[in-house]
Amino acid sequence: MKIILTKDYDELSRTAFKEFDKIVKSEEKPRVGFATGSSPLGLYKEIVNNYSTNKGSYENVDVFNLDEYIGLPENDKNKYSAFLKNNIFNKADFSEENIDLILHNNENIEQECKRYHDILINNPLNLQILGLGANCHIGFNEPGTSFDSVTHIVDLKEETRQSNARFFDSIEEVPTQAITVGIREIMSAENIILVASGQDKADAVHKMLNDEINNTCPASILRVHKSVTVILDEAAASLL
Ligand code: F6R
């Protein structure tokens, strides 16, 4: 595991972009899984900036994502697919035909879990981008999730709903369930970049890197992956 300490969120995002760029450029047709949430937004801005100012192209990237809420209307801005399209895919030259997000046109949720599992296991990603939950989750794999889990439906923990309520008008609107890619599929990615920023992640970062590897801190399993880069800002690293 490579750990990179940065001064602040801007430096974290630029550093994450350099790591992303290296991996994506090393593949003819890179397969990348994108996380949602605040943490990778700076990285996504760097990607868009590279497209608009340096003519960096992403039309060869095969795009996947990590999780999606269940039960939001198709046009809801909080759908993770909408978040990713609005913040990255529609702002650079990602090609529509290369984008295969969870629940894309599939109403049958069990079947969708199986479809995504098959995609990720039969043809593993070159890169999975991750954030870190304050309770140590990765994707929506909450504490207690088996390290053997594959794409599945989760009941979101109350603390996760509370923490995501900032994007909604009220806590009641935050879905209670989601689909998440499982820990086994995350671990099957060839490379992983995890970004964590801010004081509220400091405890989870400490647990991920120092506690015994077990599923009370799902992110702790990343320590046995062969190619993980963890990029932290000063606040997230403050308990190390
Ligand atoms: C998002 C995801 C979550 C987030 C985590 C951190 O696709 O899978 O695991 O990465 O909840 O969220 P932020 O970055 O908003 O603090």
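Taking the Cα centre of the chain as origin and assigning +1 to Lys and Arg Cβ atoms and -1 to Asp and Glu Cβ atoms, the resulting dipole is close to 720 debye.
Taken over the alpha carbons of region 84-224 as equal point scatterers, the Debye sum produces base-10 log I(q)/I(0) values at 0.11, 0.12, 0.16 Å⁻¹ of -0.44, -0.53, -0.97. For the chain, the spread of Cα coordinates along the three principal axes comes to 42, 39, 38 Å, biggest extent given first. Helix content alone sets the calculated 222 nm mean residue ellipticity of the chain: runs of n ≥ 4 DSSP H residues at -39500 (n - 2.57) each, divided across all residues, give -9500 deg cm²/dmol. Roughly how many whole Å is it from the C-alpha centroid of region 18-78 to that of region 141-185? Answer, in whole Å: 21. If you take every residue apart from V174 with its C-beta less than 11 Å away from the C-beta of V174, what net charge results, scoring Lys and Arg +1 and Asp and Glu -1? Around V174, the charge tally is -2.
Output the antiparallel fraction of DSSP beta bridges having both residues in the chain, as a percent to the nearest 5. Of all bridge pairs located within the chain, approximately 30 percent are antiparallel.
The HN-Hα couplings worked out from phi for region 160-177 by the Karplus form 6.51 cos²θ - 1.76 cosθ + 1.60 (θ = phi - 60°) are 6, 5, 4, 5, 8, 5, 4, 8, 10, 6, 8, 4, 4, 7, 6, x, 9, 9 Hz, whole numbers, x standing for Gly and Pro. Amide hydrogen proximity for I102: with H placed 1.01 Å from N in the peptide plane, the residues at 5 or more positions away or on another chain lying under 5 Å are N65. Of the GluC sites (Glu not before Pro) found in region 158-199, those that fall in a DSSP loop while having at most 16 other beta-carbon atoms within 10 Å are E190. Structural descriptor for the chain: relative contact order 27 percent, calculated from alpha carbon pairs under 8 angstrom and at least 6 residues apart. Which net charge results for the neighbourhood of M1, defined as the other residues with beta-carbon distances under 12 angstrom from its beta-carbon, given Lys and Arg at +1 and Asp and Glu at -1? In short, +3.
Amide H contacts of Q128 (H built 1.01 Å from N, in plane; Pro and chain starts excluded): G33, N191, I192, I193 sit under 5 Å, all sequence-distant by 5 or more or on other chains. Can you tell me how region 155-240 classifies by the Cα gyration tensor, rounded, prolate or oblate, using a/c under 1.5 as the rounded cut? Since a/c reaches 1.5 but b/c is at least a/b, the shape of region 155-240 is classed as oblate.
We did not get these values from a lab; they are worked out from the coordinates using the rules stated. If you're wondering where the values come from, they're calculated on a predicted model, not measured in any experiment. Cβ coordinates were reconstructed from backbone atoms using ideal geometry, including for glycine residues, and neighbour counts include every protein chain displayed.
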